[in-house]
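The values are calculated or read from the model by the stated rules, or taken from the named source; none is laboratory data. Everything numeric in this text was worked out from a predicted model, so none of it was measured. For neighbour counting, all protein chains shown are included, and Cβ atoms are generated from backbone atoms with ideal geometry for every residue, glycine included.
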Amino acid sequence: MPVWIVRDPLFGDGGKAKIVDFLTEDPRVSAVVRWQGGDNAGHTMVVNGQKIAVHAIPSGVVRAKERPLLSVMARGMVINPTRVFREIEKLKEKGVEVTPENLLISEGAKLTMSYHMALELARESGVRKKDTTARAISQTYGFHRFYQGVLAGDLRDPDVVRERIRDPLAWANAIISQVYGQEMITEDQVMAEAKEWREKILPFLGNEILVLNQMLRTGQIVLLEGAQSGMLDADLGIYPNTTASNTWPGSIQSGCGVSSHWIERDILVIKAYISRVGQGHLVAEILDQRANIIRERGQEYGTTTGRPRRIGWPDFQIGRYVALISTSQASELAVTKVDVLTGIDLEVCTGYQINGQPIPIFPTTVAELNQCQPILTKAPTWQEDITGLTNFRGLPRGAKDYLELICSPYRYCRLSMIGTGPGREELIVL
């Protein structure tokens, strides 16, 4: 029962979609599954020179142009059908047709309702804003944990939806009006929105647990695509500057009904440097002109928000933390955007120190992270342009040495792929 995972263990934007797109060339891969998160993540592919971005829909939908391949938005996700169908229209403009034949939306997925959005926007307009993507992901997950969620399958029966929204709408309106002083959402507004969604979403609904396990029993490969990254995990990341879901493989079974024991390949995707968008700690952040050079070369701007990403050096303290909690599963490393670093004086962060003393493990409390200083050391460099290179032998010695160095913290992973450009074909496969 072969399951492959593609995930980013750091702060996101590592190039997961590029690796997913490459792996789906294998005809044994029958489904690409998003098991957590929402459309607050942006995944970008470049196919035949055309940039294609997805947010909620799995990256496998692009390969479905060439062969039968099912994309699955599983029950661990939160979805806003308005934005999902807007995304489908944008994909159609790019020549990518999304139909019930190549997209399954789990009947157990959590719906982002208009009152979730109103709460999110009210919070983000105040002084205590969290600087989110304003997609109401945390609001949707939060209401679900309060037993006040609405599932995609509930849309089959409007009476069920009306019953489901009654209590959470009253609770949300109390906060919207009394805490934020903004206009309340009416029941008629919510039901009108649900009616519009119902007509569009019903053909896509299904039970992914049955579909995926039937695939696995017949020897087909299911590829699981991580949305948000490991260091943004709600529990293993840096709280409170995290996402609202669990992003590590431990959440796969509850997210789509596939056992994590069946994982055959667990591919960690990292960039040749690190980046982070929005608030939050980035101990190894680059604070000089080199950050601007890397940002422009690598086009480090958020796919969802357009915000410029902060740039940092490869961080061994995080790498060792990732290796520690990935020992039993992570098997491969894919390093992307190596071409971006040509001709730059490079450094790496080999660890953190507090008051001049090295610390043994990455701290996930804000109080301790506030005291951390990076321990930086020079790294190998190269001057030759490697854009589009597909042969490892053609890499300059400095690039090979740099790759060996930045992979070293991930002790149990072998380097299997090297990105040398944004295009689908700009990849060295080892």
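Couple of notes before you dig in:
- Test: I386 is over 19 Å from E285 (Cα atoms) and part of a loop (DSSP other than H, G, I, E, B): yes
- Of all the listed residues (I428, I406), the sole one being of a type outside the set (D, E), touching a Pro at 6+ places or on another chain (Cβ under 8 Å) and under 14 Å from A334 (Cα atoms) is I406.
- Residue match in segment 206-220 (condition: more than 21 Å from R145 (Cα to Cα), in contact with a Ser or Thr (Cβ under 8 Å, 6 or more places away or on another chain), hydrophobic (A, V, I, L, M, F, W, C) and modelled with pLDDT of 95 or more): yes
- Selection count where residues are part of a helix (DSSP H, G or I), without any contact (Cβ under 8 Å) to a residue 24 or more places away in the chain and among the charged types (D, E, K, R), scope segment 197-242: 1
- Of the residues making up segment 83-104, just one is in contact (Cβ under 8 Å) with a residue 60 or more places away in the chain and part of a loop (DSSP other than H, G, I, E, B), namely P100.
- Residue within segment 259-266 that is at negative phi, part of a loop (DSSP other than H, G, I, E, B) and not aliphatic (A, V, I, L, M) present: yes
- Residue in segment 174-215 that is nearest to R34 (Cα to Cα), counting only those that are loosely packed, with under 14 Cβ neighbours inside 10 Å and β-branched (V, I, T): T186
- Flag for I418 being of a type outside the set (S, T, Y), part of a strand (DSSP E or B), without any contact (Cβ under 8 Å) to a residue 40 or more places away in the chain and closer than 24 Å to L268 by Cα: no
- Listed by first and then second residue, the pairs linking a residue in segment 249-262 that is farther than 18 Å from D235 by Cα and modelled with pLDDT of 95 or more to a residue that is of a type in the set (K, R) and part of a helix (DSSP H, G or I), with Cβ atoms under 6 Å apart and 6 or more places separating them unless they lie on different chains, form an empty list.
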